[in-house]
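What follows is one structure encoded as structure tokens, with my remarks underneath.
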Amino acid sequence: MLHALRSHWPEYLMEAWGLGVFMVVAGDAVILMEAPASTLHALIHDADLRRAIVGIAMGLTAIGIIYSPWGKQSGAHINPAVTLTFLRLGKIAKWDALFYILAQFIGGTLGVLLVLFLFGGNFALPPVSYVKTVPGPSGYWLAFAAELLISLVLMLTVLFFMNRRNLKHLTGLAAGVLVALFITFEAPLSGTSMNPARSFASAVPGGDWTFLWIYLSAPFLGMLAAVEIYLLLKFSTARMCAKLDHAEDRRCIHCGYAPPFTGKNSNKRMQL
């Protein structure tokens, strides 16, 4: 444990930074679109269009984090369910997985608290309400099912892209597009979380834990189910590393744990 902490603390901080940035952008975007005092809220009357704009903003943010220098180094999981998926596949060490998950929860929470500090009531009061994820009018069981399904689809897509030589560097783009689409079309059902740390971070300042069980369980179940489906179909994981974009110019703590490529040296591995 201490060795992992001493050696890999930069990656842990990068994971905290990644989800923190995501939550700051989410808070800002929803304030701009939904806060009653916002000029854009007054100008754009169509709620579906406002939600689509937020979805695009969050999809672009996810893409930016994944392809940023820090995202390329840590792997840009920024989601405990993603980290556990790679742990299930044997692509990340157990201590790294634990510290990644802790960092994600801490980073996301700090991001939410920063937005609260900067914007106060515009962020805390309805309809923004700390950008909490809550079930829509159709009820909490449908919200649970929707979260499980979109988490499964997201992870299946990520796994498919990561293990295709011609597609692997597009994994982050595919993930960002799905985030944008899910927020645009699925958010009325569940709020579109797919991320336990993201929902936990929004619940902290208001202390509203009522439906948090949905967002702490469904993403994990959906993404782990995606792994089992992927393995059941006998797709290869040989080229996979626990990074959404594997860059040659950034160190990789995951390949050092479980090399995803074949070959005797890194140059040969990168040519596959």
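The values are calculated or read from the model by the stated rules, or taken from the named source; none is laboratory data. The structure displayed is predicted, hence computed values, not measured ones. For neighbour counting, all protein chains shown are included, and Cβ atoms are generated from backbone atoms with ideal geometry for every residue, glycine included.
Just a few scattered comments:
- The residues of region 1-33 that are aliphatic (A, V, I, L, M) and over 19 Å from the mean Cα position of the chain (by Cα), listed by number, are MET1, LEU2, ALA4, LEU5, ILE31, LEU32, MET33.
- Note on region 158-201: among residues that are among the polar types (S, T, N, Q) and more than 14 Å from the chain's Cα centre (by Cα), the one that is farthest from PRO80 (Cα to Cα) is ASN166.
- Some residue of region 3-14 being modelled with pLDDT of 95 or more, more than 19 Å from LEU114 (Cα to Cα), among the basic types (Lys, Arg) and in a helix (DSSP H, G or I): no
- Region 113-128: number of residues that are in contact with a Leu (Cβ under 6 Å, 6 or more places away or on another chain) and not in a helix (DSSP H, G or I): 0
Matching residues to (1) of a type in the set (Asp, Glu); (2) touching a residue at least 12 places away in the same chain (Cβ under 8 Å); (3) surrounded by fewer than 22 Cβ atoms within 10 Å (Cβ to Cβ); (4) closer than 19 Å to GLY90 by Cα:
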site: VAL204; (1), (2), (3), (4): no, yes, yes, no
site: GLY207; (1), (2), (3), (4): no, no, yes, no
site: ALA218; (1), (2), (3), (4): no, yes, no, no
site: GLY222; (1), (2), (3), (4): no, yes, no, yes
site: GLU228; (1), (2), (3), (4): yes, no, yes, yes
site: LEU244; (1), (2), (3), (4): no, yes, no, yes
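- No other residue among GLY59, GLY90, GLY20, GLY71 is part of a loop (DSSP other than H, G, I, E, B) and either at pLDDT 95 or above or closer than 27 Å to LEU221 by Cα (or both) apart from GLY90.
- Test: residue in region 6-29 that is crowded, with 19+ Cβ neighbours inside 10 Å and without any contact (Cβ under 8 Å) to a residue 40 or more places away in the chain: yes
- Filter pass, SER7 being touching a Leu at 6+ places or on another chain (Cβ under 9 Å) and of a type outside the set (Lys, Arg): no
- Residues that are more than 19 Å from SER151 (Cα to Cα), aromatic (Phe, Trp, Tyr) and touching a residue at least 60 places away in the same chain (Cβ under 8 Å), drawn from region 101-136: PHE119, PHE123, TYR130
- Test result for THR184, among the hydroxyl-bearing types (Ser, Thr, Tyr), surrounded by fewer than 23 Cβ atoms within 10 Å (Cβ to Cβ) and farther than 21 Å from ILE78 by Cβ: no
- Subset of region 121-152 [crowded, with 17+ Cβ neighbours inside 10 Å, aromatic (Phe, Trp, Tyr) and closer than 25 Å to ALA81 by Cβ]: TYR130, PHE144
- For region 1-60, filtering for residues that are of a type outside the set (Val, Ile, Thr) and under 29 Å from ALA174 (Cβ atoms) leaves 34.
- Only residues that are among the aliphatic types (A, V, I, L, M), closer than 14 Å to ALA197 by Cβ and buried (at least 22 other Cβ atoms within 10 Å of the Cβ) were counted in region 102-120, giving 2.
- ILE101 being within 27 Å of PHE160 (Cα to Cα) and assigned to a helix (DSSP H, G or I): yes
- Within region 170-179, the presence of a residue that is at pLDDT 95 or above, closer than 15 Å to LEU212 by Cα and surrounded by 18 or more Cβ atoms within 10 Å (Cβ to Cβ) is excluded.
- Condition met for PRO135 (modelled with pLDDT of 95 or more and over 18 Å from MET33 (Cα atoms)): yes
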